[in-house]
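Undergrad: Here's a structure for you.
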Amino acid sequence: MTAATAPAIETITPPPLSAAEVKDHLSLIADMTLVFSASHSFDVVAKSALERVAKYVGAEAASFFMLDDSAQTLICTACYGPVDITGLRLPATAGIVGRCIQTQEAGIVRDVRKDADFGASVDAKTGFITKSILVAPLTVGTQRLGAIEVINKNVGDNLFSPNDLALLHTLSRAAALAIHNLRLTDKLVLQERERHELELAAEIQRDLLPQAQSKDFPIHGINVPARAVSGDFYDILPRPDGRIWFNIADVSGKGMNAALLMAKTSSLFRCLAKSAEHPGQLLNAINSELCETNSHGMFVTMVGGLFDPATGVVRLTNAGHEPPLLFDIMRESFMSIPADAPPLGIATGIAGPDGYPVVELDLKGGSLYIFTDGLTEATTFGGGMLGLDGVRALIRDHTEESPDLRLKHIAGAVKLPGKPLHDDLTLLVVEDNGVRSAPPKPPGVQFEANAGVIMRIRVPAMADRLKLIRTAAMQAAAYCSCNEAWTQDLVLAVDEACQNIIRHAYGGVEGAGDIVVDFARDGDSLSVFLMDFAPPVDTAQIKSRDINDVRPGGLGVHLIKSVTDDARFLPPPPGVGNLFKLTKRLPPKVDCQG
Amino acid sequence: MTFDVKDVNGTVVVALTGDVDLQSSPVVRQQLLECLDKHKRLVVDLGAVSYIDSSGVASLVEAFQVSRKKTAYFALAAVSPAAMRVLSLARLDKVFTIHADVNAATAAQG
């Protein structure tokens, strides 16, 4: 017989303690309980607690072994003794400590060599020699937390006594309770932190929504989240040219993941809208970006549009969103604008070359209402769903109110007091006041004369005025004392440039606009600035034709380039359509005195 | 711009006077094409042309191209310095048949 087969654990009824021993025991237990309960972190006090216990019973070492969350592994979370085994991991059933946890029995092993469950691997690793063990489970109710071990008594007869065991058992209960309480506290702290973080997220999300607009602004919105954070959003983005971008969107799902996708999509809209001109192309670009990184099968429905308060015209794209309602105030009638594109973030390549389809709506003094399904599917006071008819009725009921107040009342009609909404609710209104601003002033009435100007001539862009311009060019050349040949070339260049304005910039329509010509002295050159008020021409299309290609037309640019030193389009001043500048070096002065 | 049309020994001579520009060139073009429609020999006298622009030159080019198709005779005569400057800038001085005066132009066989 070399190894014991029966457990060597001893559970002996302790003999009565002397009065002094009782006092000592109680004093230690009271001390330790106080330390455990006052601590905010068990790990901080565990090491000193083990030291006190070990010294009290006269042992060489002591350790706490805790079960991990899976209850499959034991981890040494604190230890006292000649070797540090903190962090050591064992299978939950391994060794004498594992047996104690499984059986929930405290005990004494006076000679580990006689215990079949003793695992020598730890000793082999550390060089420590385990002789005897005192062990007690850490348990609260039916919940197993771990065990406390005290090793190698080296005072007196070197044998752990039943009184040692009784003391450890009592201490282990106090420790288990302290650990349990601290874990509960940690959980509460974590919950509180998460709640605080959610509040911060909600605050940041509210900041992503546009500021409240002034009462006379044509677009207003409202967002009522069902939870702390919302998957809905809207945005209003005025452009420098007076037009206004707007959008409303609903991210699939609710909670934090929807809120994060909402933040991303709203940022994409804000960023891409600044350089966009066309709602279809804008939504197409947002879709491409979302598809590039989106996962988890989430998508976004969106109505994005551009409103021009000067004309009352809205151009919008509906990507899988609830149909907006156009309310004609005079007729009290509604028109529904259904989606003709799928939601964003599902697949690329859905849209054609011009992006998502765009609908153009003339509001004609009416209002366009765009909303998320949180409104149509909201529960009313009667208990039913509001539905589209309910939305229409609410809009009619509140028509007379200012738009910001109207949105509040409509949202308030479905937000029952004390009851959370079952979905986020967002509502946007685009209002056309029907007042058309005066047509823009004829462009180019006022602009600075070019530097060094000798003469300015302004004539209607008509063929029969070219002779006037040629005469002016001749006189400008004469003013600069230029010879005849030089003058002829200047006249040709100016005339050809004006022809191009009539034929190309104004599209050959006689008198479609004016031509302004500045003749200016610029050092040893004469500069001619030719200005029109036509839409900008595509300068890439203007080129000198191959001179060997003998055919009518297309000669003008070649002639201009042949007789001037420089000819180019310049950025036009405000109000001017195109600015073309000719430069011709003045001829050298002839000394008439000979 | 004015023009004068006369027949010199079976050759139609169109004499242009003044500025041939965007305003007048459509009339010049029409006149030259009409002449080529009816006659086999056409001389354009540019002696009194004070100014010609690219549209005027284009009218001459078109008339030249029609004459080639019809194998008609088409020549320029007495080209004024102003007009010659533009024709040479357009490298057309080597394309057109140009005579020093109307007599030479009408006398030439083509």
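What follows draws every value from the coordinates through simple rules; no lab data is involved. These figures come from a predicted structure and were not determined experimentally. Cβ atoms come from the backbone with ideal geometry, glycine included; neighbour counts cover every protein chain shown.
Undergrad: Could you list the residues of the stretch A:248-291 with an amide nitrogen less than 20 Å from a label point located 7 Å from the Cα of A:Asp207 in the Cα-to-C-beta direction?
TA: Output list for this probe position: A:256-272.
Undergrad: Shifting gears a bit: Which whole number gives the average count of other chain Cβ atoms within 10 Å of the Cβ atoms across peptide A:470-478? Please report the intermediate quantities before stating the final value.
TA: Values: counts 5, 0, 0, 0, 1, 0, 0, 0, 0.
That average works out to 1.
Undergrad: Applying 1/(1 + (r/R0)^6) with R0 = 56 Å to the Cβ-Cβ distance of B:Met84 and A:Ile329, what FRET efficiency is obtained, to the nearest 0.05?
TA: The computed FRET efficiency comes out at 0.15.
Undergrad: Whose amide H sits under 5 Å from the amide H of A:Asp514, counting only residues 5 or more places off or on another chain, with H placed in the peptide plane?
TA: When sequence neighbours closer than 5 places are left aside, the close amide H contacts are A:Ala461, A:Phe533.
Undergrad: How large is the Kirkwood hydrodynamic radius of the stretch A:453-585, counting all unique pairs of alpha carbons, in Å? If you can, show how the numbers build up before the last one.
TA: Numbers: mean 1/r = 0.0672 Å⁻¹.
After inverting the pairwise mean of 1/r, the radius is 14.9 Å.
Undergrad: Okay, moving on. With the Cα gyration tensor of the stretch A:105-169 in hand, give its eigenvalues times 5 under a square root as the equivalent ellipsoid semi-axes, listed largest first in whole angstrom. All intermediate terms of the calculation are to be shown ahead of the outcome.
TA: On the way: eigenvalues 89, 56, 19 Å².
Over the Cα atoms of the stretch A:105-169, the ellipsoid semi-axes are 21, 17, 10 Å.
Undergrad: If you don't mind, there's one more thing I want to ask. For the protein assembly as shown, what size does the Cα cloud have along each of its three principal axes, sorted from largest down, in whole Å?
TA: 157, 68, 54
Undergrad: To check my understanding: the extent here is largest minus smallest coordinate of the Cα atoms along each principal axis. What are those three numbers for chain B, in Å, largest first?
TA: 29, 25, 24
Undergrad: When the dipole is taken about the Cα centre of the protein assembly as shown, and only Lys, Arg (+1) and Asp, Glu (-1) are charged at their Cβ, what size is it in debye, to the nearest 20?
TA: 1160 debye
Undergrad: Size of the dipole of chain B about the Cα centre, Lys and Arg at +1 and Asp and Glu at -1 on the beta carbon, nothing else charged, in debye to 20?
TA: In total the dipole reaches around 480 debye.
Undergrad: Based on the mean of other Cβ atoms within 10 Å per residue, sort peptides A:201-212, B:95-106, A:379-390 so the most packed one is first. Let's see the in-between values first.
TA: Working: A:201-212: 14.2, B:95-106: 17.0, A:379-390: 12.5.
The most tightly packed comes first, giving B:95-106, A:201-212, A:379-390.
Undergrad: How big is the dipole moment of the stretch B:1-56 about its Cα centre under a simple scheme where the beta carbon of each Lys and Arg is +1, that of each Asp and Glu is -1, and everything else is neutral? Debye, nearest 20, please. Walk me through the intermediate numbers first.
TA: Numbers: 5 positive and 8 negative charges, 56 e Å.
Rounded to the nearest 20 debye, it is 260 debye.
Undergrad: Take the alpha carbon atoms of the stretch A:9-185, find their radius of gyration, then divide it by 2.2 N^0.38 Å using N residues; give the quotient.
TA: 0.96
Undergrad: If you don't mind, there's one more thing I want to ask. If you take the charge dipole of the protein assembly as shown about its Cα centre, with +1 on Lys and Arg Cβ and -1 on Asp and Glu Cβ, which of A:Thr471, A:Ala202, B:Leu89 is farthest toward its positive end?
TA: Of the candidates, B:Leu89 comes out farthest on the positive side.
Undergrad: Sticking with this structure for a sec: How high is the FRET efficiency from A:Ser288 to A:His422, r the C-beta distance, R0 41 Å, rounded to 0.05?
TA: So, using R0 = 41 Å, E works out to roughly 0.80.
Undergrad: If you average the sequence gap of Cα pairs under 8 Å that are 6 or more apart and divide by the length of the stretch B:24-107, what percent do you get for the contact order?
TA: Reported relative contact order: 34 percent.
Undergrad: List the relative contact order of chain A as a percent without decimals, with contacts defined as Cα pairs under 8 Å and 6+ residues apart.
TA: About 9 percent, as a whole number.
Undergrad: Another question about this same structure. Which residue, chosen from A:Leu167, A:Ile101, A:Ala258, occupies the Cα position most advanced towards the positive end of the dipole of the protein assembly as shown, where the dipole is computed from +1 (Lys, Arg) and -1 (Asp, Glu) charges on Cβ about the Cα centre?
TA: A:Ala258
Undergrad: First measure r as the distance between the Cβ atoms of B:Thr17 and A:Thr539, then evaluate 1/(1 + (r/R0)^6) with R0 = 41 Å and state the FRET efficiency to the nearest 0.05.
TA: Working: r = 37 Å, r/R0 = 0.90.
That gives a FRET efficiency of 0.65.
Undergrad: Same structure, new question: Mind listing the phi-derived Karplus ³J(HN,Hα) values for the stretch B:96-102, rounded to whole Hz, using 6.51, -1.76 and 1.60 with θ = phi - 60°, and x for any glycine or proline?
TA: 6, 7, 10, 10, 5, 8, 5
Undergrad: Moving on. Need the full-extension length gain, A:Ile129 to A:Asp397, defined as separation in residues times 0.36 nm minus the C-alpha distance. One decimal, nm.
TA: Value of the extension gain: 87.7 nm.
Undergrad: Have a look at B:Pro26, A:Ile350, A:Pro338 and report the one farthest towards the positive end of the charge dipole of the protein assembly as shown, computed about the Cα centre with Cβ charges (Lys/Arg +1, Asp/Glu -1).
TA: Going by the charge dipole, the pick is B:Pro26.
Undergrad: In whole angstrom, note down how far apart the Cα centers of the stretch A:557-574 and the stretch A:172-201 are.
TA: For the stretch A:557-574 versus the stretch A:172-201, the Cα centre distance is 78 Å.
Undergrad: How much net charge surrounds A:Leu17 when only the other residues with a Cβ under 12 Å from the Cβ of A:Leu17 are counted, with Lys and Arg +1 and Asp and Glu -1? Mind dumping the intermediate values first?
TA: Numbers: positive: A:Lys23; negative: A:Glu21, A:Asp24, A:Asp164.
That sum, taken over residues with Cβ under 12 Å, equals -2.
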